[in-house]
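Some notes on the structure that comes next.
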Amino acid sequence: MLHGRSAHVLTAYDPAVRCLSPAERDRAARLAPAARRDFTAAHLLIRRCAAAFLGVPAHALDVVQRCERCQGPHGRPILRQEPRLYVTLAHCAGYVAAAASWQPVGVDVERLPPGPGWHRASARSLTRAEAAAVARAPCPPAAFLRQWVRKEALIKAGRARLGGLRHVDLSGLPVDDPGGGRLVRRSWWQGWAVTDWADGTGGRGGRPVRD
């Protein structure tokens, strides 16, 4: 798994090897500048993760996305050269993450503070036990965001559905948060290894992988 600020990822890549596909470039061109940087950085980072597994140059890999419902160029990413390798990516407000694994894996990132609608999102996505733990936490918005990124990542890993998040109970996992500090923590939930992290600048992420 790799994560970091979009600007740092883009700086680390020589422009000559920023080999996004025509479909990726077309999607990026339709985005606002900040979103375009995040999109590009995440799609470069996912290649770097996959390249580490396969022992090939990152710029030699093609990442394709195809929605199973509408057939649009979005949805779960797949590596054209090795579709058996699970790959996943996320980006949010200047921060990106990606991961690759031979087992199902998902990743999500968000930034503190959560948006003003986080209370409504909490009611739609948390179980009663999770909501109680969030309410007891020293910083409820950060605690909610911790559970949210875990659940979003489980969706990407194929373990959960957006409409069924209230049936996915992660109340046994810790929701304490370091505030402005850094964190890397691993927990286990129903056969999944769940890695949490905080980058010290407001970035929060979660990555579950089938153990």
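When the range 139-168 is filtered for residues that are over 18 Å from R120 (Cα atoms) and touching a residue at least 40 places away in the same chain (Cβ under 8 Å), the ones remaining, listed by number, are A153, L154, I155, K156, A157, G158, R159. Return yes when P77 is of a type outside the set (D, E, K, R), over 21 Å from R27 (Cα atoms) and surrounded by fewer than 23 Cβ atoms within 10 Å (Cβ to Cβ) and no when it is not. Against the criterion (of a type outside the set (D, E, K, R), over 21 Å from R27 (Cα atoms) and surrounded by fewer than 23 Cβ atoms within 10 Å (Cβ to Cβ)), P77 does not qualify. Going through (1) at pLDDT below 95; (2) not in a loop (DSSP other than H, G, I, E, B) one by one, G158 falls short only on (2). Among the numbered conditions (1) assigned by TED's automatic domain parsing to the domain that holds S21; (2) touching a Gly at 6+ places or on another chain (Cβ under 6 Å), the only one that A90 does not meet is (2). Annotation: H167 fulfils all but one of (1) over 19 Å from A97 (Cβ atoms); (2) buried (at least 18 other Cβ atoms within 10 Å of the Cβ); the unmet one is (2).
Is it the case, given these coordinates, that V96 is aliphatic (A, V, I, L, M) and closer than 16 Å to K156 by Cβ? The answer is yes for V96. In this structure, does E130 turn out to be within 28 Å of H167 (Cβ to Cβ) and at pLDDT 95 or above? Yes.
For A198, the conditions (1) assigned to a strand (DSSP E or B); (2) within 30 Å of D62 (Cβ to Cβ) all hold with the exception of (2). Just so you know, in the range 179-210 the residues that are basic (K, R) and within 14 Å of R146 (Cα to Cα) include one that is nearest to the chain's Cα centre (by Cα), and it is R207. Taking the condition under 29 Å from R185 (Cβ atoms) and either assigned by TED's automatic domain parsing to the domain that holds P77 or not in a loop (DSSP other than H, G, I, E, B) (or both), does D38 pass? Answer is yes for this residue. Taking the listed residues E82, E130, E110, the one that is in a helix (DSSP H, G or I) and either among the acidic types (D, E) or in the same structural domain as R25 (by TED's automatic domain parsing) (or both) is E130, with no other qualifying. Look at the range 17-46: where a residue is surrounded by fewer than 17 Cβ atoms within 10 Å (Cβ to Cβ) and a partner is of a type in the set (G, A, S), sitting 6+ places away or on another chain with Cβ atoms under 6 Å, you get R36/A28.
The values are calculated or read from the model by the stated rules, or taken from the named source; none is laboratory data. Only a predicted model underlies this, so the values are computations on that prediction, with no experimental measurement involved. Quick reminder, even Gly has a Cβ in these numbers, built from the backbone with ideal geometry, and neighbours come from all protein chains shown.
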